[in-house]
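Chemist: I have a structure I would like to understand better, so I am pasting it below and will then ask my questions one at a time.
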Ligand code: PLP
């Protein structure tokens, strides 16, 4: 319950990737509800071709000391010892992230064994509910991190919401509901509650490829409850302005006059890399 509380507080907000304390301060001033402390933003990890691990606790700590908003940090999928270390550091949230190199290709962290809350990525309803069943307190789309291409994040939120609708008739078919829960490898009660409520039982953010205020508002209009922005801010020519505009667009996602205002004269937004050009090295396809 306490874990769900922080996610509720972040709802409607923007969580920004930062690699230095100075960037964290810019993010906080721009209205970020939290920051994600990491050594390299996904756009640069993508280029590096190296193994990507948890960041040095020293840099995470510097960021924790520089801001008053919650600080998140990433661990590799299945790397429960990196998570133990970040819990000891007292970060506010852990992202068990496919952006880093997975430590375990078949098992995720048993997140219910930790006090610190976790966020995990998902591409569809089954994946989201498996992560929630393991103890995730927040779900985000996987998107395609580091590209500035929004299409994968759109695909993932549409799939999750579409499957909830598609499976709702099973509420009148106990055998069918049981079979679906088995197929998705989750407890039947978790599936039932989700279908009854018409939404995931935890907060569902967008992530992966958000680069402009319009991208953020698009995902909010599609039903996301908040936004993670990685490379989009500090790969743009005017990070302060882009950061503020993305926060405004996330808050006023249904107000087209406001969206026009905050989309105007932003300077160069992230160049990006179109998904079609990177076939074969998609982060979101890791561990399908
Ligand atoms: N994402 C990644 C990066 C993985 O390594 C795995 C491993 O199986 C998964 C997702 C899928 O896990 P699950 O099938 O439980 O959703």
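Quick note: the coordinates plus some simple rules give every number you see, no bench work behind them. Keep in mind it's a predicted model, so treat the numbers as computed, not measured. Positions of Cβ are backbone-derived with ideal geometry, glycine not excepted, and every protein chain shown enters the neighbour counts.
Chemist: The conditions are (1) over 21 Å from residue 38 (Cβ atoms); (2) within 11 Å of the ligand (Cβ to nearest atom), and residue 78 fails exactly one of them. Which is it?
Modeler: With respect to (1) over 21 Å from residue 38 (Cβ atoms); (2) within 11 Å of the ligand (Cβ to nearest atom), residue 78 is out only on (1).
Chemist: Out of 129, 171, 125, 184, report the one residue that is over 30 Å from residue 235 (Cα atoms) and in contact with a strand residue (DSSP E or B) (Cβ under 9 Å, 6 or more places away or on another chain).
Modeler: Selected residue: 129, the only one of 129, 171, 125, 184 that is over 30 Å from residue 235 (Cα atoms) and in contact with a strand residue (DSSP E or B) (Cβ under 9 Å, 6 or more places away or on another chain).
Chemist: Please specify each residue of the range 61-75 satisfying the condition of being in contact with a helix residue (DSSP H, G or I) (Cβ under 6 Å, 6 or more places away or on another chain) and within 16 Å of the ligand (Cβ to nearest atom).
Modeler: Of everything in the range 61-75, just one residue is in contact with a helix residue (DSSP H, G or I) (Cβ under 6 Å, 6 or more places away or on another chain) and within 16 Å of the ligand (Cβ to nearest atom), namely 75.
Chemist: Is it the case that residue 249 is in contact (Cβ under 8 Å) with a residue 12 or more places away in the chain, within 16 Å of the ligand (Cβ to nearest atom) and surrounded by 21 or more Cβ atoms within 10 Å (Cβ to Cβ)?
Modeler: No; evaluated as a whole, the condition is false for this residue.
Chemist: Can you find, within the range 110-130, the residue that is farthest from the ligand (Cβ to nearest atom) among those that are closer than 20 Å to residue 209 by Cβ and part of a helix (DSSP H, G or I)?
Modeler: By that ranking, first place goes to 128.
Chemist: Is it true that residue 164 is within 13 Å of the ligand (Cβ to nearest atom) and free of Cβ contacts under 8 Å to residues at least 40 places away in the same chain?
Modeler: no
Chemist: Looking for something free of Cβ contacts under 8 Å to residues at least 60 places away in the same chain, away from the ligand (no atom under 12 Å from the Cβ) and in a loop (DSSP other than H, G, I, E, B) - is there at least one such residue anywhere in the range 97-109?
Modeler: Among the residues of the range 97-109, not one is free of Cβ contacts under 8 Å to residues at least 60 places away in the same chain, away from the ligand (no atom under 12 Å from the Cβ) and in a loop (DSSP other than H, G, I, E, B), which makes the answer no.
Chemist: Continuing with the same structure: State all residues of the range 220-229 that are over 11 Å from the mean Cα position of the chain (by Cα) and closer than 16 Å to residue 32 by Cβ; if no residue qualifies, say none.
Modeler: Residue satisfying the conditions is 220 alone.
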